[in-house]
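Single-structure report; data block below.
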Amino acid sequence: MTASTSNPDPHDTHVDERTPLNASERDTTAADYNSIAKGPTDDVHSGQGSDEEQQQVNPPESRENETKALTSITTVIGVLLLGEFISNADMTLVMATTGKISSEFDRLRDASWLATAYTLGLCATQPMYGKLSDIYGRKPLLLWAYFFFGIGCIISGIGPSMTTIILGRAISGIGGAGTMAMGSIIITDIVPRRDVAHWRAYVNIAMTLGRSAGGPIGGWLADTVGWRWSFILQGPLSAAAALLVVWKLSLASPTEGKSIRRVDFLGSFLLAIGILTATIILDQAGRAFAWASLNTAILTSISVSAFVAFIIVELYVAAEPIFELRILRRPNVAPSYLIGSLQISAQVGMMFSVPLYFQVTSQASATVAGGHLVPAVIGNTLGGLIAGAFIRRTGHFKVLLILAGLVASVSYLLLFLRWNGHTGFWESLYIIPGGLGTGFSSAAAFVSMTAFLRPQEIAMATGGYILLFSFAMTAGVTVTNSVLGMVFKRQMEQSLTGPGAKTIIERALSDTNYINSLEGHVRDVVVKGYVAGLRHTYLFSLVLSILGSFIGWTVRKHQL
């Protein structure tokens, strides 16, 4: 049974969802994109009709075409993996080199801008990729994303000043936004709805491996050949990813409506301003300026005003909105956005705190401390694969959304109860359920989001999902760092008194190497305070995960 060629009701659960998400004949542009592949079960539901009927409907030539289609999908996913790995590795690679870069230019206070600039570039441009790819095609936008990412890395690598390097980071962020957004959009174009989680699992693995490997690789390069090569080497890798796209990725371009006038520039500008100011508040408040300050009040006013103006423009002004807000009223879209964001914030917060724990409590090197994240990566990998296989086999996703937070909560609860400063090998494996739960949610939330959407809404909804996902990662790290700093400072002020106490507290707040240089009673007090701060970050992740599970109950049940 094939999908109806009439206009299907997005709320009709009888629409065949084994066909690619955008394979509706009423939407010729979307159908063009599907010319390279159809799912292996596009035309026949298992168990329907007699053997003779099955042979007539699905002759040997059809089965041969299905095998070729599967090979095509595998090729496309393989092409996307390198770009996903590089763009995600860049995020943590910079964390390992930030201190050396800023110290070389005597601008340690501006070190955070190396990460902030990338985030700003990413968040400001990500919403535009979905609409631009609808107009000009997926493949050209993906190539432009690789170009911006690569050229930004080269600029940062050869930059003669801190300002130039920060500019390069912002340009790389523009490319990173497209790499993540286009990868997800292309998958929804060519993969049957029931198989989306299965194929996205491999992309999620590449993203997680990239985020986990970036830190150790960046630290090793900085210690051996110099931090500049951490950026310069990403240029050729981006070029290689682009060449793979040119060589292997065969996606048809839209044939009509290629006009830049279709882009909602006013809405894009207002959304970018709102996101930029909100990101600056999260990233800089408490460091560059106090939370309760005039700067915070001004930035908050600008952000709120921009978001309100954006809503008005999208609802009443824009002919073709950059993000159709009515999509949020579709079943499962808003809950899926929230669940995916909450779970990734929880895990990123944990992955930020785990290396710090081992650096402070066992004086581990940056490379060894980063290695303790491997169990979380294993959990992510298993979670994504299990969720993909489960959805592919049963067509159910709601149960995974509920289980995701509960499974992840096991990690955060164990860390809170057991990581008290003396952690052995087996206890370091407590972070596996956290990765497992995030793997469940990343796969299931994306499928849940698309379950009731019309084909032409997929790209726009995906762009919004990736944007919120990226913003959630920044928020997770920032809030975790703020909670750690506040609790640690309070603990130190209560435990350390007398001459020199203020200096010790200030230096311990800014440098883990200083903590490792302390000895005796002072070190014991500082480490105990740091562990107390970290324990509160686990509670933060625990609350987010449980909240995500509660929201999972609100998702409308729907078998694909």
Could you list, in sequence order, the residues of the range 346-379 that are hydroxyl-bearing (Ser, Thr, Tyr), touching a residue at least 40 places away in the same chain (Cβ under 8 Å) and either more than 24 Å from residue 548 (Cβ to Cβ) or part of a loop (DSSP other than H, G, I, E, B) (or both)? 361, 362, 367
What's the total number of residues in the range 478-487 that are at pLDDT 80 or above and surrounded by 24 or more Cβ atoms within 10 Å (Cβ to Cβ)? 1
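Based on this model, can you work out whether residue 189 counts as in contact with a strand residue (DSSP E or B) (Cβ under 8 Å, 6 or more places away or on another chain) and either over 19 Å from residue 235 (Cβ atoms) or outside any helix (DSSP H, G or I) (or both)?
In short, yes.
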Cβ pairs under 7 Å, 6+ apart or interchain, first in the range 389-413 and free of Cβ contacts under 8 Å to residues at least 40 places away in the same chain, second aromatic (Phe, Trp, Tyr), ordered by first then second residue, are 407/440
Looking only at residues in the range 365-384 that are more than 20 Å from the chain's Cα centre (by Cα) and surrounded by 19 or more Cβ atoms within 10 Å (Cβ to Cβ), which one is farthest from residue 443 (Cα to Cα)? 366
What do you reckon, is residue 504 closer than 30 Å to residue 391 by Cβ and surrounded by 15 or more Cβ atoms within 10 Å (Cβ to Cβ)? no
Would you pick out the residues in the range 220-243 that are farther than 19 Å from residue 73 by Cα and either acidic (Asp, Glu) or within 22 Å of the chain's Cα centre (by Cα) (or both)? 223, 230, 231, 234, 235, 237, 238
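Yes/no per residue for (1) of a type in the set (Val, Ile, Thr); (2) closer than 20 Å to residue 240 by Cα; (3) surrounded by 24 or more Cβ atoms within 10 Å (Cβ to Cβ):
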site	(1), (2), (3)
136	no, no, no
144	no, yes, no
148	no, yes, no
164	yes, no, no
172	no, yes, yes
181	no, yes, yes
188	yes, no, yes
220	no, no, no
225	yes, no, no
Selected residue [touching a Cys at 6+ places or on another chain (Cβ under 6 Å) and either at pLDDT below 85 or within 23 Å of residue 462 (Cα to Cα) (or both)] from 275, 327, 312: 275
State all residues of the range 385-421 that are under 16 Å from residue 554 (Cβ atoms), surrounded by fewer than 22 Cβ atoms within 10 Å (Cβ to Cβ) and among the aliphatic types (A, V, I, L, M); if no residue qualifies, say none. 399, 402, 403, 406
Within the range 117-138, is there a residue that is at positive phi and either under 19 Å from the mean Cα position of the chain (by Cα) or modelled with pLDDT of 80 or more (or both)? yes
If I go through the range 417-444 residue by residue, how many of them are closer than 17 Å to residue 372 by Cβ and part of a helix (DSSP H, G or I)? 13
Specify which of the listed residues (475, 451, 443) is at pLDDT 80 or above, among the aliphatic types (A, V, I, L, M) and under 22 Å from residue 273 (Cβ atoms). 475
Quick one: how many residues across the range 281-330 are in a loop (DSSP other than H, G, I, E, B) and acidic (Asp, Glu)? 2
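The values are calculated or read from the model by the stated rules, or taken from the named source; none is laboratory data. What you see is a predicted model, and the numbers here were worked out from it, not measured in a lab. Cβ sites come from the backbone with ideal geometry, for glycine too, and all protein chains shown count toward neighbours.
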